[in-house]
Amino acid sequence: MVELLIGKKGTGKTKHLIENVNNASTVAKGNVVFISNDSVRSMYDIKSKVRMVDTKEFTIATYSEFLGFICGVISRDFDITNIFIDGIFKIVGSDDLDGFEEFLEKLQEVSSKFHIDFNISVSIDKDKAPEYITKLA
């Protein structure tokens, strides 16, 4: 499953996502991963059981590169059941939607193949978001 948490910047998406991360860490039968470009900011809010990944140290410039990064995380740990991604546009360095739909489609394939639930925060106005985004929200 791929689920998007959408809303304008500053509407509390990260706070909500962190609540979901912590809830998942208590009920998940596998490992929970939190990916962000600033994990230090959320470090004290997330339970220590959650594996935190900070993308700032890596040069990720496209959705395709980020998908490869995610697959690398999965290849290291086949017990992952949940991956939470905070600020997809910050991670890839752009809010350009070119390639985002294809990224989501491929991520859905990864989700189905490895039985991993993905939750992603996306800073976009709900009223201006394309249908492929709103149907995953």
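Taken over the stretch 104-118, the criterion of being acidic (D, E) and either assigned to a helix (DSSP H, G or I) or touching a His at 6+ places or on another chain (Cβ under 7 Å) (or both) is satisfied by E105, E109.
Within the stretch 11-27, the set of residues being small (G, A, S) and crowded, with 17+ Cβ neighbours inside 10 Å comprises A24, S25.
Every listed requirement among (1) surrounded by fewer than 17 Cβ atoms within 10 Å (Cβ to Cβ); (2) within 14 Å of the chain's Cα centre (by Cα) is met by V33 save one, (1).
Could you run through the stretch 124-137 and say how many residues are touching a residue at least 40 places away in the same chain (Cβ under 8 Å), surrounded by fewer than 17 Cβ atoms within 10 Å (Cβ to Cβ) and not in a helix (DSSP H, G or I)? Of the residues in the stretch 124-137, 3 are touching a residue at least 40 places away in the same chain (Cβ under 8 Å), surrounded by fewer than 17 Cβ atoms within 10 Å (Cβ to Cβ) and not in a helix (DSSP H, G or I). Over 16 Å from I6 (Cβ atoms), among the aromatic types (F, W, Y) and open to solvent by 10 Å² or more (accessible area, probe 1.4 Å): does that describe F114? When the stated conditions are applied, F114 passes them.
Being touching a helix residue (DSSP H, G or I) at 6+ places or on another chain (Cβ under 7 Å), more than 23 Å from A137 (Cα to Cα) and not polar (S, T, N, Q) is a property that K29 lacks. Of all residues in the stretch 51-58, at least one satisfies being of a type in the set (A, V, I, L, M, F, W, C), touching a Phe, Trp or Tyr at 6+ places or on another chain (Cβ under 9 Å) and open to solvent by 80 Å² or more (accessible area, probe 1.4 Å).
Once the stretch 63-121 is narrowed to residues that are of a type in the set (S, T, N, Q) and closer than 16 Å to V21 by Cβ, the residue that is farthest from the chain's Cα centre (by Cα) is T81. Selection of the stretch 43-94 for residues being farther than 18 Å from N119 by Cα and among the polar types (S, T, N, Q) yields S48, T59, T62, S75, S94. Could you please find all residues in the stretch 39-68 being in contact with a strand residue (DSSP E or B) (Cβ under 8 Å, 6 or more places away or on another chain) and closer than 25 Å to E102 by Cα? V53, D54, T55 - these are the residues of the stretch 39-68 that are in contact with a strand residue (DSSP E or B) (Cβ under 8 Å, 6 or more places away or on another chain) and closer than 25 Å to E102 by Cα. Residue-level analysis places V32 among those that are in contact with a Ser or Thr (Cβ under 7 Å, 6 or more places away or on another chain) and farther than 27 Å from D125 by Cβ.
Scanning the stretch 74-97 for residues that are in contact with a helix residue (DSSP H, G or I) (Cβ under 9 Å, 6 or more places away or on another chain) and open to solvent by 70 Å² or more (accessible area, probe 1.4 Å) yields F78, K90, D95, D96. Every test in (1) more than 20 Å from L136 (Cα to Cα); (2) without any contact (Cβ under 8 Å) to a residue 12 or more places away in the chain; (3) not hydrophobic (A, V, I, L, M, F, W, C) is passed by K15 save one, and that test is (1).
The values are calculated or read from the model by the stated rules, or taken from the named source; none is laboratory data. Owing to the predicted nature of the structure, the values given are computational and were not obtained by experimental measurement. For neighbour counting, all protein chains shown are included, and Cβ atoms are generated from backbone atoms with ideal geometry for every residue, glycine included. When the accessible area is computed, the model is the full protein with side chains, heavy atoms only, and any ligands, DNA or RNA have been set aside. Shrake-Rupley method; radii C 1.70, N 1.55, O 1.52, S 1.80 Å.
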